[in-house]
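For reference, the structure is listed below as structure tokens.
Please treat every number below as a calculation from the coordinates, not as lab data. What you see is a predicted model, and the numbers here were worked out from it, not measured in a lab. Neighbour counts are summed over all protein chains in view; Cβ atoms, including those assigned to glycine, are modelled from backbone coordinates with ideal geometry.
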Amino acid sequence: MMNSTKPRYAVFGNPIAHSKSPQIHQQFAAQEGVQIEYERILTEPGGFAEAAARFFAEGGQGANVTVPFKTDAYDWVDEHSERAQAAGAVNTVIPLGGGRFRGDNTDGAGLVNDILQAQGVEIAGKRILILGAGGAVRGVIPVLLAQQPAAVTVANRTPAKAEELAARFGIQTASLDALPHHHFDIVINGTSGGLSGSIPDVEAGVFGACELAYDMVYGEGAQAFLDFARRSGAKKTADGLGMLVGQAACAYALWRGFEPDIKPVIRYMKEAV
Ligand code: ATR
């Protein structure tokens, strides 16, 4: 067997069984014309540091980190990229040699690349509404801001969390049930509500001028929000599959210096999902 000679990568999370990352990274490896191993590692709560140390001691060459370990990974690495620092969370670990590790966060870049490249929607100069104020939203705000939108507003069921993000990033906040109508070009659902079948409580009028409604979740969990957005006037809708592929592509490039083309992989995954 050639197994031991293939570069090894992994994603750490809990739950992790349904992660699409192995399929996505294998598509990238095929584009590059190399063979890699990419495994899912189910990690117990509180066990990230030990699991990551073991993986890299055994020759791992890069790792992705998903829920709920992104802040554990942030604490574990030795240095942070600027965007990981801004997000306070790490989704990509890059070994530096000598037992040192760098943490990056490619979630925001995945979202921005999908909106710009796959959806073909400009972000610069646009008015953006983000629904939700959890870890996922915090990770993408600094990267969205770097695209110089006209304004970013964050609205959340628990207003205090939106206010905290607004203060941290110097953006606007508004109450979910009193959002101004016809004020948003791009509406992004960053809540985890879709996973349990609920959507944020916003009025249909919020989508009156909406060019793109985007859900950071992909597949079934995104459908209720995207259907509501389309019925309410959103011209275009997209789920988070492109973001998932995009964040993976950025991680792959950081590990291997090869930049995958995301579009054919998004198409492939759409058929596979
Ligand atoms: P994640 O890492 O996915 O961001 P999180 O940090 O737990 O997870 O944040 C979940 C986000 O989804 C929060 O903004 C949460 O709102 P609250 O801060 O009020 O809890 C939001 N959310 C989850 N379920 C929701 C629902 N049914 N309706 C509206 N917002 C919801």
Q.
Quick check: net charge around THR237, other residues with Cβ under 9 Å of its Cβ, Lys/Arg +1 and Asp/Glu -1?
A. 0
Q: Sort ASP75, ASP239 so that the residue with the fewest other Cβ atoms within 10 Å of its own Cβ comes first and the one with the most comes last.
A: ASP75, ASP239
Q: Could you work out how far apart the two model spin labels at GLU44 and GLU163 are, taking each label as a point 7 Å from the Cα in the direction of the beta carbon, and quote it in nm?
A: 4.0 nm
Q: Express in nm, to one decimal, how much length is gained between ARG267 and GLU32 on full extension, taking 0.36 nm for each residue of separation and deducting their alpha carbon distance.
A: 82.8 nm
Q: Round to the nearest 10 and give me the degree value, 0 to 90, for the angle of helix 241-256's Cα axis relative to the longest principal axis of the chain.
A: 40 degrees
Q: Can you spot the aspartates and glutamates whose alpha carbon is less than 13 Å from LYS70's alpha carbon? Ignore those fewer than 8 places along the same chain.
A: ASP104, ASP107
Q | All lysines inside 17 Å of LYS20 as judged from Cα atoms, apart from same-chain residues fewer than 8 positions distant | A | LYS263, LYS270
Q) Top mean-square fluctuation among ALA17, ALA49, ALA136, Gaussian network model of the chain, C-alpha springs under 10 Å? A) ALA17
Q.
How much of the DSSP bridge set in the chain is antiparallel, in percent, rounded to the nearest 5?
A. 20 percent
Q. Setting aside same-chain residues fewer than 8 positions from LYS126, which aspartates and glutamates have a Cα under 12 Å from its Cα?
A. ASP185, GLU211
Q.
What distance in nm lies between label points placed 7 Å from Cα along the C-beta direction at LEU195 and LEU116?
A. 2.8 nm
